[in-house]
1. Which value in Å is the Kirkwood Rh of the stretch 311-361 over different Cα pairs?
2. What net charge is computed for the residues neighbouring Thr209, neighbours being all others with C-beta under 10 Å from the C-beta of Thr209, Lys and Arg scored +1, Asp and Glu -1?
3. Once Rh is set to the Kirkwood radius over Cα pairs, what Stokes-Einstein translational diffusion coefficient, in µm²/s, holds for the stretch 8-164 at a temperature of 37 °C and a viscosity of 0.692 mPa s?
4. Please report the antiparallel percentage of DSSP beta bridges with both residues in the chain, rounded to the nearest 5.
5. Which residue, chosen from Pro125, Thr152, Thr310, occupies the Cα position most advanced towards the positive end of the dipole of the chain, where the dipole is computed from +1 (Lys, Arg) and -1 (Asp, Glu) charges on Cβ about the Cα centre?
6. Can you tell which of Phe371, Val92, Thr270 lies farthest toward the positive end of the dipole of the chain, using +1 and -1 charges on the Cβ of basic and acidic side chains (Lys, Arg; Asp, Glu)?
7. Over the chain, with a Gaussian network built from C-alpha contacts below 10 Å, which listed residue (Phe154, Phe113, Phe188) shows the highest mean-square fluctuation?
8. Over what distance in Å are the Cα centres of the stretch 293-362 and the stretch 27-72 separated?
Amino acid sequence: MSENTRNYRPETRLVHGGTLRSQYGETSEALFLTQGFVYESAEQCEARFTGHDPGFLYSRFSNPTVAMFERRMTELEGAEAARATATGMAAVTTAILAPLRSGDHVVAAKALFGSCRYILEDLLPRYGITSTLVDGMDLDQWRKAMRPNTRTCFLESPTNPTLDVVDIAAVADIAHSGGARLVVDNVFATPIWQSPLALGADVVVYSATKHIDGQGRCLGGVILSSEQFIQEHIHTFLRQTGPSISPFNAWVLLKGLETLAIRVRQQTETATAIADTLASHPKIPRLVYPGRDDHPQAAVVKKQMRGGSTLVGFEVKGGKAAAFRMLNALRIACISNNLGDSKSIVTHPATTTHQRLTPEARAELGISEGFIRFSAGLEHRDDLIEDLQAALEKA
């Protein structure tokens, strides 16, 4: 296999991209569990630290296993460069904070994971960085929120947990017209169904903990962008502040990438079947799934996504009490706050992932007390559908 596999289709790149083999010619990617590296001479050591020798220095900066994961992700995403992080939130925080200075301004969609809202609303102001939150689907709000000192725009699409879809290309145009960059959290779509960089985004971030691992084993994150952005803003920040990914976790994520396309396609097919079955259920007044014609942004979905999602959002009549009765009646899906796993996972966002928001903020985002986020796993779809239908009888 050629060292550069960018010209191959995604499934091939997911298996072979970025592979570095040692002198032993191993089949599986090697796991380099080392914190440091030995140099052949003091001169070589000096050359590494000055950058004249491109070898490895210290696993907080770079590591052969981590480098394989980063290279494979760049080939999959179509990015020039990537840096892996210890968690998805480390990737989001670094991508947003590292390029900014006191006096800068951020425009972001309101529909975000609770921890992302914390970064914008609580952390950034401590460093003199302001932000404006907008309805991500309202392009006029994006335009009106832009200021001369706006440096970054940030969104996730589909959104967590209500699966709204933001027009990435349109927001990218607005950001660039105002001299800002667009950062997109692509976790819910995965790189299989959506390519934000091709749509005009400047930076893509992932919680690799989700679909990329996909089997509940480890934490990880990754930032993908141009070589210039990574070198100017991300590399030194990560090197000096240290939110580094473990080589072991990077190895686990590498192995997860090999089956990513297969898993995501199967999970999406299952999620589609679940959505189609539950859409007319009398106890579900609202169901949201990208790919259905009744999705609020169906036209945008068709324009920018190659497939739906592994997640389904729906509201159960009767509020929190009914939602809890349903959750407790499920026999297959696990009650957890994760997603993208081989096991189906069900989440009550109002009391977990978005509980730090005020009731008014949750209501504005459509996160009612009866709203449930369902992450389809790899179980047989009929078993999941039967389990959901039986649980709804208890709601």
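The values are calculated or read from the model by the stated rules, or taken from the named source; none is laboratory data. Just so it is clear, the structure is predicted and the values come from calculations on it, not from any experiment. Reconstructed Cβ throughout: ideal geometry from the backbone, glycine too, with neighbour counts over all protein chains shown. When the accessible area is computed, the model is the full protein with side chains, heavy atoms only, and any ligands, DNA or RNA have been set aside. Shrake-Rupley method; radii C 1.70, N 1.55, O 1.52, S 1.80 Å.
1. Result for the stretch 311-361 stands at 12.0 Å.
2. Computed value for this residue: 0.
3. D, rounded to a whole number, is 174 µm²/s.
4. Among the beta bridges of the chain, antiparallel pairing accounts for roughly 50 percent.
5. Comparing the listed Cα positions along the dipole, Pro125 ranks first.
6. Phe371
7. Phe113
8. First find each Cα centre; the distance between them is then 41 Å.
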